[in-house]
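As structure tokens, the structure follows; a few thoughts come after it.
All of the numbers you see were taken from the coordinates with simple rules; none came from a lab. If you're wondering where the values come from, they're calculated on a predicted model, not measured in any experiment. As a convention, Cβ positions derive from the backbone with ideal geometry for all residues, glycine included, and neighbour counts pool all protein chains shown.
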């Protein structure tokens, strides 16, 4: 799949607002990939497709995920806002025969996981710091990402988890595992 094919597919599935976000994520992902050893073409494709199921209703997301291991996670039901990432990966990979690394980058773009690949790191972080993101902490993480992607990921995860806890919402175990992994890297760099 080429970037142009991914853009055409994404535009057919997304509203103008969501497509703008996907374009911003793709642009940011390419910049991160160029600085951090990931494939920029794959970063652009994953960035364009990462939210392909974002605007689908819950019943469509659940049907897409039928039989998926993520549905067995005890926290899954409490994490509706991120179902689209798992369903998007399943859908895009089946429908468009994407490579495993692209599927994984889409799958983990909302929650992360411990020891992400460079491509997964780029998509996770690009979704958090793309130019259209203006929520508290996004500009700080954007600055950190210019020099240290792992510290930026740690900071993004910390901000995300604190926000979820303050809201009394569920935190996926994958995010906690990611936080602990990237926190250990950040603490090793302090010593």
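Estimated from helices alone, the mean residue ellipticity of the chain at 222 nm is -21000 deg cm²/dmol (sum of -39500 (n - 2.57) over DSSP H runs with n ≥ 4, per residue). In this structure, residue 34 and residue 158 have a Cβ-Cβ separation that, at R0 = 30 Å, corresponds to a calculated FRET efficiency of about 0.70.
Averaging 1/r over each pair of different alpha-carbon atoms in the stretch 3-134 and inverting the result gives 14.4 Å, the Kirkwood hydrodynamic radius.
Which stretch or stretches of the stretch 151-191 have amide N atoms under 12 Å from the point lying 7 Å from residue 74's Cα along the Cα→Cβ direction? So the set is 173. Ranked for footprinting exposure by Cβ neighbours inside 10 Å, fewest first, 64, 110 give 64, 110.
How long is the gain from residue 147 to residue 99 if the chain were fully straight, where each residue apart is worth 0.36 nm and the alpha carbon distance is subtracted?
14.4 nm
Based on the Cα atoms of the stretch 86-191, what semi-axes does the equivalent ellipsoid have, where each is the square root of 5 times one gyration tensor eigenvalue, given in whole Å with the largest first?
23, 16, 15
With a 10 Å Cβ neighbour count serving as the proxy for reagent exposure, in which order, fewest first, do 2, 99 appear?
2, 99
If the chain linking residue 8 and residue 176 were pulled fully straight, counting 0.36 nm for each residue of separation and taking away their Cα-Cα distance, it would gain 57.0 nm.
The residues 154, 124, 135, 96, when put in order of fewest to most other Cβ atoms within 10 Å, stand as 135, 96, 154, 124.
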